[in-house]
Amino acid sequence: MSSATTDGTTTGRLRGKHALVTGAASGIGRAVATRFAAEGAHVVFADRDLPGADRAVAELPAGLAGTATAVQVDVTDEDSVAAAYARVLAGTGPLDVVVANAGVQLFGHDAPVADLDLDVWRRTIDVNLTGTFLTVKHAVRAMRGRTDGRRGGSIICTGSPTGLNGEGRDFTAYSSSKAGVHGLVRTVAAAYAADGVRVNTVVPGYTETPLVTAISGDAASRAAIVSRTPLGRAGTPADVEGIMVYLGGDEATFATGAIFRVDGGMTSL
Ligand SMILES: NC(=O)c1ccc[n+]([C@@H]2O[C@H](COP(=O)([O-])OP(=O)(O)OC[C@H]3O[C@@H](n4cnc5c(N)ncnc54)[C@H](O)[C@@H]3O)[C@@H](O)[C@H]2O)c1
């Protein structure tokens, strides 16, 4: 868990910053957005699931009331993404940090390539890769266009072990979408470094959220994935918060184009 005090605040490492997190109604996105608020940022909880995002904002610790808002966005739809950014920029001002985190994994449908339906491929790529592209595209526009005297910003994308090694061999669409995210991050980081826009990938390991109930709810599957995790346990959303705070804050101003693994050693050992 974060080092939040009873009123919900921590050490203020993101004090004065404005952040937007996609997929913030649930799991990793919700934990990261909540921690950003605790670190002093004003946070926009963005999600396709507006009631869920509203709930996440309403359930912030009492001391954080007023530090966050919710906005509906479907990251697969460019009009929706552009409208969400326009609303945020007009409402709360320039963005310093954007976390492109919304994602899906179609357990029971995603498969080894010879058995994979085109529709499952398209639905997965649409959210995880095209959705990240659109979130990043409009984040770059917002950060390059800021008129408040500050320069650039930090974009963080959520990757996956499946995009790095053979961990996702039964999930062709999901693994390919995440490998695409890793490539997108390198490309965008190189293209906009001179503008002060930093772009990095965070790779969580197996992290118990609603996304992976197909694994967490099946004892054999869970034991198998934990056995492939050298640190010997499942991750929690709180495990991913700290690296996101670092990348969003002023200690990370020399970090761009990189992959930060918080995966219990799954892809390194
Ligand atoms: N849980 C894991 O083990 C794990 C491991 C590595 C990477 N990841 C990645 O972390 C990210 C967060 O996953 P999670 O585990 O917290 O999952 P989750 O299901 O708990 O949360 C995902 C959120 O994304 C939102 N979302 C889905 N499609 C959307 C769309 N089109 N537009 C806007 N929002 C949309 C959902 O409504 C949900 O709130 C994903 O990108 C996932 O691929 C998860």
Discussion item. Can you report the principal axis dimensions of region 3-127 using only the alpha carbons, biggest first, rounded to whole angstrom?
Written reply: 52, 31, 24
Worksheet item: Does anyone have the angle between helix 78-92 and the longest principal axis of the chain? Alpha-carbon axes, 0 to 90°, nearest 10?
Response: 40
Worksheet item: What residue among Val104, Val185, Val73 has the largest mean-square fluctuation in a Gaussian network model of the chain, using Cα springs under 10 Å?
Response: Val104
Discussion item. Can you compute the charge dipole magnitude of the chain about its Cα centre, using +1 on each Lys and Arg Cβ and -1 on each Asp and Glu Cβ, nothing else charged? Give it in debye, rounded to the nearest 20.
Written reply: 740
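Beta carbons within 10 angstrom, averaged per residue: use that to sort the peptides 147-154, 14-21, 30-37, highest first.
Numbers: 147-154: 14.9, 14-21: 22.9, 30-37: 28.1.
Peptide ranking by packing, descending: 30-37, 14-21, 147-154.
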Worksheet item: For region 10-114, which GluC sites (Glu not before Pro) are in a loop by DSSP, counting at most 11 other Cβ atoms within 10 Å?
Response: Glu59
Worksheet item: Any idea what angle helix 131-144 forms with the longest principal axis of the chain, computed on alpha-carbon atoms, 0 to 90 degrees, nearest 10?
Response: 20
Item to complete: Enter the Cα centre distance for the pair region 48-105 and region 119-175, rounded to the nearest angstrom.
Response: 16
Practice prompt. Please give the helix 172-192 orientation as an angle from the longest Cα principal axis of the chain, in degrees from 0 to 90, rounded to the nearest 10.
Written response: 30
Worksheet entry | Length-normalised contact order of the chain in % [C-alpha pairs under 8 Å, at least 6 apart] | 18
Practice prompt. Take every Cα-Cα distance within region 18-262, group them into 5 Å bins from 0 onward, and report for each bin the whole-number percent of pairs it holds.
Written response: 1, 7, 14, 19, 21, 17, 11, 6, 3, 1, 0
Worksheet item: Given H placed on each backbone N at 1.01 Å, which residues far from Ile155 in sequence or on other chains put an amide H within less than 5 Å of it?
Response: Val98, Arg198, Val199, Asn200
Worksheet entry | Computed [θ] at 222 nm, helices only, for the chain once each DSSP H run of length n ≥ 4 contributes -39500 (n - 2.57) | -11500 deg cm²/dmol
Discussion item. Quick query: amide H of Ala68 versus all other amide H atoms, modeled in the peptide plane; which residues come in under 5 Å with a sequence gap of 5 or more or a different chain?
Written reply: Val43
Worksheet item: Restricting attention to region 37-140, which chymotrypsin sites (Phe, Trp or Tyr not before Pro) occupy a DSSP loop and are surrounded by at most 10 other Cβ atoms within 10 Å?
Response: none
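Every read-out reported here was derived from the displayed coordinates using simple, explicitly stated rules and does not represent laboratory data. All figures in this text were calculated on a predicted structure; none of them were measured in a lab. Here Cβ is always computed from backbone atoms with ideal geometry, including for glycine, and neighbour counts include all displayed protein chains.
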